[in-house]
Amino acid sequence: MSDPVTLTTDHPVQAAATPPARGRSRRLSDRWLTVAFISPALLLLLAMSVFPLLWALYLSFTDYSATRGGSANFVWFENYTAILTSAQVHMRALTTLIYVVGAVALQIVLGFSIAYLISRRTNGRGLLTTLFLVPMMLSPVVVGLFWKFMLDAQFGVINSLLGSLGVGPVEWLTRQNTALISLIVVDTWQWTPFIMLIALAGLTAVPKYLYEAASIDRASEWFRFRTITLPLVWPLLLIAVLFRAIEAFRLFDLVYILTSGGPGVSTETLSFHVYKVAFLGFNTGTASAYGILMVLIVIVLAQLYMRYLNKLKED
Amino acid sequence: MAVSVDKTVSTGPARGRTSPARRTSGRGRSVLEIALLTVLAVVMLFPVLWMIETAFKENRDVYAIPAKFFNFTVTLDHFKDVFVDSTGRSSLSTAFLNSVVVAGVSTVLATVLGVPAAWAYSRFAVKAKKDQLFFILSTRFMPPVVVVIPIFLMYRQLGLIDNKLGLILIYTAFNVPFTIWMMKGFVDEVPAEYEDAAMLDGYTRLQAFWKFTLPLLLPGIAATAVFALIFSWNEFVFAIFLTSSDSVRTAPPAIAGLIGGTTVDWGLVAAASVVFALPVLVFAYLVRKHLVAGVTLGAVRR
């Protein structure tokens, strides 16, 4: 990354080979054009993403409160130590970990299975893919609301279906141990198509001749899967997994609508807890420190994501 | 990658099996696979179908125990309630209109800012290009609930709280990284030689971009804009924290607001959700060729 020269050779600028434009006095140089085209976008990002984060970084060292107003006193790392040593935060971190790992693992297994099954079909592949993708395109608000209705303990359709199988009503969203499971199930329902889509892209990209060569060698199905399919799809799948992990980590809307963190605090993820500290507790300084720590985690995950992405592109 | 696979395959076992037996087991497996796929498809689609069904049900059928799957009375009342109420136009329809304005304007802005930047990144030597591009993408990964804290304070100073312009700005900022990454892929596919040739004919670089490259990019721009539109349309976190009044609120917080009271009109929630989701599904269908790139923020391309 330190050597910009090697990065820019794909489209050599041939300005030097171009004769001067005839009769055009206002000819912009490529360099000027680059600045003019890139800087508006970068300025917007600086104003709307970098500046707010820097402000949050400043606030994280103070005891500022958005409602109390007044001056912000520097407390240095007090907010950070308070958060990192808080048992409450540790609990939220564990909840988040269970949620992220549970949801992403389920999505990989289901998504890859569906993609594999679809890739083995010759007819109706397009239609099947389109149908499976519907949940992913819906807004988390719609998904959250609708599952809340379906999981309702009294008149929800899920309990109605279970009832006809002789299973008693389950209080999906109002019991400590089922609420987090419900959250994982709903997230899995919405995002399995994402893994499926990417796995399918990988599976259809596997060259046919490899399978043909393998079947000439009479390799078993499992052997073919393990030695051809999986190694070729895995890099792409890894990217999908990291992407989903980041998204699941920053998820807020589904929790907000489905359970509001309850019952008790059993479904309070870190994102939701930050919101409570910031907008219900009004401890802006503490919430900023909390947020900065979350941003650090996201940055680490994003770096991993981009590293794998680079690797994939170079191959 | 392919090389290593070739090697492992050529050393593979060559165990013989009688072929007729294999064929019948293959057919059995095929039936099993189709059955499995059908079950999975039903499970995945059931919630969507249930939502559509609920939107057309009368209230007493909505809350029926056990749930009614087929024999219910069809009504359009809930859809009527989405658009009109006793005072004339419902607050939901205002919210839909706000969503159209906010999503539309922010998409246009993100396209206008992002497409030229993507072209410049694709064509020219830029210092630390890769680092810049990664920085741009990483702004998109920030947790919205964290970003919204300083944005809230910033907007309070600027008077942009409960203001459509505020939402438009933040949505634009969230869509610009996506637009740049997605469009850079499309620009990379257009040979730079077209512009070089045009410049040999006496056009300036800018004219070459405008007259020759841009028309070729139009389908890509359309696909990118559709994804940006969907992101803004579906966005909830910024909308709920940065707006409050009915005249500014977009559809997602307005629909979520329907379950705030003591009794919830689930028929209305379902109808509003259907009306809200329908355009997204139509648009997503139009750009289905680019879905992989779209949902990975332009990072993964086939």
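No value in this document is a laboratory result; all are computed from the given coordinates. This is a predicted model, so every value here is computed, not measured. Because the Cβ atoms are built from the backbone with ideal geometry, glycine has one as well, and the counts that use them run over all protein chains shown.
Counting pairs of Cα atoms in the stretch B:74-145, how many percent are more than 17 Å apart? Please list the in-between numbers first.
On the way: 1716 of 2556 pairs.
Tail of the P(r) past 17 Å holds 67 percent of the pairs.
State, in angstrom, two size descriptors of the protein assembly as shown derived from its alpha carbons: Rg to one decimal place and Dmax to the nearest whole number.
Cα only, the protein assembly as shown: 26.4, 86 Å (Rg, Dmax).
Tally Lys and Arg at +1 and Asp and Glu at -1 over the other residues with C-beta under 12 Å from the C-beta of residue A:265: what net charge comes out?
Net charge in that neighbourhood comes out at +1.
How would B:235, A:212 line up from fewest to most surrounding beta-carbon atoms within 10 angstrom?
By the 10 Å Cβ count, ascending: A:212, B:235.
Taking only Cα atoms of the stretch B:84-295, what ratio of Rg to Rh do you get with Rh as the Kirkwood inverse-distance radius?
My calculation puts Rg/Rh at 1.05.
Please list the helices of chain A that count as membrane-span-like by this rule: a mean Kyte-Doolittle hydropathy of at least 1.0 together with Cα atoms stretching 30 Å or more along the helix axis, each helix being a complete DSSP H run.
A:87-119, A:176-205
What is the local net charge at residue A:127, summed over the other residues whose Cβ is closer than 14 Å to its Cβ (Lys, Arg +1; Asp, Glu -1)?
Its environment carries a net charge of +3.
So for chain B, averaging the separation of alpha carbon pairs under 8 Å that are six or more residues apart and normalising by length, what relative contact order in percent results?
27
If you average the sequence gap of Cα pairs under 8 Å that are 6 or more apart and divide by the length of the stretch A:166-315, what percent do you get for the contact order?
Computed value for the stretch A:166-315: 27 percent relative contact order.
As an exercise, identify the trypsin sites (Lys or Arg not before Pro) in the stretch A:98-162 lying in DSSP coil whose Cβ has no more than 15 other Cβ atoms within 10 Å.
A:120, A:121
Starting from the Cα gyration tensor of chain A, take the square roots of the eigenvalues, sort them a ≥ b ≥ c, and report rounded, prolate or oblate (rounded when a/c is under 1.5, otherwise prolate if a/b is larger than b/c, else oblate).
Values: a/c = 2.15, a/b = 1.05, b/c = 2.05.
Since a/c reaches 1.5 but b/c is at least a/b, the shape of chain A is classed as oblate.
Treating cross-link reach as a plain straight distance, find the lysines whose alpha-carbon is under 17 Å from the alpha-carbon of residue B:57, omitting any fewer than eight places away in the same chain.
B:68, B:80
In terms of modelled amide H atoms, which long-range or inter-chain residues lie less than 5 Å from the amide H of residue B:85?
For residue B:85, the qualifying residues are B:90.
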